[in-house]
Structures are given as C-alpha cells and as structure tokens.
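K.L.:
Before we start, here is the structure in question, set down as structure tokens.
The values are calculated or read from the model by the stated rules, or taken from the named source; none is laboratory data. These numbers were taken from a predicted model, which means no experiment stands behind them. We place every Cβ from the backbone using ideal geometry, glycine too, and count neighbours over all the protein chains shown. Please note that ligands, DNA and RNA were not included when accessible areas were found on the heavy atoms of the full protein model with its side chains. Shrake-Rupley method; radii C 1.70, N 1.55, O 1.52, S 1.80 Å.
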Amino acid sequence: MRTSILAANWKMQKTVSEAVRFLEAFLPLVADADAVEVVIAPPFTALGRCGEELEGSNVKLASQNVNNEEKGAFTGEIAPAMLRDVGCSYAIVGHSERRALYGETDAFIAKKAGALLAAGLLPIVCVGELLDERESNRTFDVIGRQLAGSLAEVPVERASEVVIAYEPVWAIGTGKTATPEIAQEVHAFIREKLGEAFGSAGKDMRIQYGGSVKPENVYDLMAKPDIDGALVGGASLDPDSFAKIVQFEKQGVAQ
Ligand code: 13P
C-alpha cells in the first residue's frame, strides 16, 4: 500500500516571515491528516526556520534542489548533509525549471539522487515532456530516457524510498492540467519502467503528478490507480488552498 504524498513546491517565493505565517495558518488545518504524507519545499533561505516550526508536526520539510558533493569549493551550492542539518527529509531534483533554465542533465540529477540517499535524505525526482515532444508523439521516449538517466545511481535496495514526480512541462503554471486519463497513462508507463529497473520495488515507489493541481481537480487525479500524490506549485502558496489539496478526499465528497 503506497501512502499518498502531497508536496508544496514554493519555487522562488516567500520570505522567512511569509513562510512562518503560512505555517501558522496551515498546520492546524492539516493536523488530522494522518493517512497521507505532507511535505513543504520552501526556498533555501526559509528552510532553517521552517524546520523549527515543523518540529513535532505531521508535515515534512524538503529542499527544492541540492548539490551532489559533500563539501568543498562549490560557491553557491548546498550539500545534502546541510539540508539534513536544518530538518529536511526530502529534496526535489530534476525539476523541469532546473533542466530548462539551468541546463541540468539526467547524469547530474542521477548524482544528486544518489548523494541524497547516501546522506539519508529522500529524493523526489522530476520528469516530464515538453509540449512539442507530446505533440510529436515522443512523450514515452522522453520520459523513458529521463527515468533511466536520472535513476541510474539509485541502488535497487533503496528504490522504494525514491519518489517520482511526473510533471508535463506544458501543464506547469499554465492552468492546463493533464486530464486524469492522460496523467494515468503516463504514470502507468512510469510504473512499468520502474518495474523493469527495480523489480518488485518498483511497485512500492510513489509517483506524484504535478502541473496546475488545484483543490478542484486533485480528487479526480488522485482517484487514478498509479497517481500516488501531487507536487503543487501555485496552489500551494495559500494555506487554505494547499490544505484542501491535502484533504483531497473531502473535495471529492463535496462535489
Ligand atoms: P503549478 O502547480 O504552479 O503548475 O507548478 C507545478 C510544479 O512545477 C510543481 O513542482
């Protein structure tokens, strides 16, 4: 049985005081959400303070990026152990914005995922196709290649700890969500590839969907058999909105 994982990716948004104000409002709203895992990924500058605020709560902390090196002359970079030190349990790697804007390759992402596991942190590895790749029927090729490359340094015995986030790039921040059917089709393909790579551990790996997830569409997405959670950008910035996403089952009942 895979526990659903709902994660907020705030991207380059919120100062420390804005982050604290969010948590003050959000934590009471989700205090009884014990059947799912809830994760918040603030910007680096707010991680330490958020880590303190989240101590003893049912919400976990993630970073939005990490470097694969342990320490040394890597100006501007953050090591896995530094993230653990401020209370992180997870780190997002390979987000499409990092792939597209900062040239991150599958090989670099693979090193980060391996370094995270070695340091006792759990990677959320993002994959997703561009609009022109979808329109030219290359979605499965692209996703297959990203998965094989980005997971190349995950040992089989650690695979079940890794979370995959399928985020079709054309659905990120555009208001265009993949339909639950489109998302499920790709999630099923990802599940098959995980099985080929990791055997039975592939069945235990959680696959989140990301791309314009909102309180209004989360229930139908989560109802699909291979969708095990959501990675949420815009709709995670507001405590009420993200709390509704965490409580996706109630959204279904209300509709
Ligand atoms: P939006 O929810 O704003 O589309 O962002 C999705 C995303 O990129 C989460 O990582």
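K.L.:
Are there DSSP H segments in the chain that both extend 27 Å or more along their axis (alpha-carbon positions) and score a mean Kyte-Doolittle hydropathy of at least -0.5? List them, or say none.
P.N.:
Span-like helices here: none at all.
K.L.:
Same structure again: Can you tell me which of 48-61, 21-34 comes out highest on packing, and rank the rest after it, using the mean Cβ neighbours within 10 Å?
P.N.:
Ranked from most to least packed, the peptides come out as 48-61, 21-34.
K.L.:
Under 5 Å between amide hydrogens, which residues at least 5 positions from Val125 or on another chain qualify, with H placed 1.01 Å from N in the peptide plane?
P.N.:
Amide H neighbours of Val125: Val93, Val163, Ile164, Ala165.
K.L.:
Over the stretch 8-136, what relative contact order in percent results from Cα pairs under 8 Å that are six or more residues apart?
P.N.:
RCO, the stretch 8-136: 20 percent.
K.L.:
As a quick test, which of the pairs Lys11/Lys71; Lys11/Lys203; Lys71/Lys111 have an alpha carbon distance above 22 angstrom in this structure?
P.N.:
Cα-Cα > 22 Å for Lys11/Lys71; Lys11/Lys203; rest within.
K.L.:
Separate question: Return a whole-number percent for the relative contact order of the chain, with Cα pairs under 8 Å and 6 or more residues apart as the contact set.
P.N.:
That works out to 20 percent.
K.L.:
Given the Cα-Cα distance of Arg84 and Met12 and 0.36 nm per residue of separation, how much length would full extension add, in nm? It would help to have the intermediate numbers written out before the result.
P.N.:
Details: separation 72, 0.36 × 72 = 25.92 nm, distance 2.05 nm.
Length difference between fully extended and current span is 23.9 nm.
K.L.:
Under the rule of -39500 (n - 2.57) per DSSP H run of 4 or more residues, summed and divided by the residues of the chain, what mean residue ellipticity at 222 nm is obtained, to the nearest 500 deg cm²/dmol?
P.N.:
That calculation yields -12500 deg cm²/dmol at 222 nm.
K.L.:
So if I take the centroid of the Cα atoms in the stretch 84-141 and the same for the stretch 1-54, what is the distance between those two points in Å?
P.N.:
Result: 20 Å between the Cα centres.
K.L.:
What full-extension length gain, to one decimal in nm, is calculated for Asp238 and Phe44 as 0.36 nm per residue of separation minus the Cα-Cα distance? Let's see the in-between values first.
P.N.:
Working: separation 194, 0.36 × 194 = 69.84 nm, distance 1.89 nm.
Extra length from Asp238 to Phe44 when fully extended: 68.0 nm.
K.L.:
Be a star and scan the stretch 13-44 for residues whose amide nitrogen sits under 19 Å from the point 7 Å along the Cα-to-Cβ vector of Thr3.
P.N.:
Label zone hits: 27-41.
K.L.:
Let me test this: with uniform point scatterers at the alpha carbons of the stretch 122-255, what is the Debye-based log₁₀ I(q)/I(0) at q = 0.10, 0.12, 0.17 1/Å?
P.N.:
Listed by q, the Debye log ratios stand at -0.31, -0.45, -0.88.
K.L.:
Select from Val86, Ala33, Asn137 the residue farthest towards the positive end of the dipole of the stretch 1-158; place +1 on Cβ of Lys and Arg, -1 on Cβ of Asp and Glu, and compute about the Cα centre.
P.N.:
Asn137
K.L.:
With every protein chain kept in place and ligands, DNA and RNA left out, what is the accessible area per residue of the chain? Probe 1.4 Å, answer in Å².
P.N.:
Heavy-atom SASA per residue in the chain reads 45 Å².
K.L.:
Further question on the same structure: Between Ala25 and Ala118, how many nm apart are label points set 7 Å from Cα along the C-beta direction?
P.N.:
4.2 nm
K.L.:
Sort largest first and round to whole Å: the equivalent ellipsoid semi-axes of the stretch 1-137, each the square root of five times a Cα gyration tensor eigenvalue.
P.N.:
Whole-Å semi-axes of the equivalent ellipsoid: 25, 20, 15.
K.L.:
Restricting attention to the alpha-carbon atoms of the chain, what are Rg (one decimal) and Dmax (integer), both in Å?
P.N.:
Answer for the chain, Rg first and Dmax second: 16.9, 54 Å.
K.L.:
Based on the Cβ-Cβ distance from Glu70 to Thr179, what FRET efficiency comes out when R0 is 45 Å, to the nearest 0.05? Mind showing how you got there, number by number?
P.N.:
Working: r = 43 Å, r/R0 = 0.95.
After rounding to 0.05, the efficiency reads 0.55.
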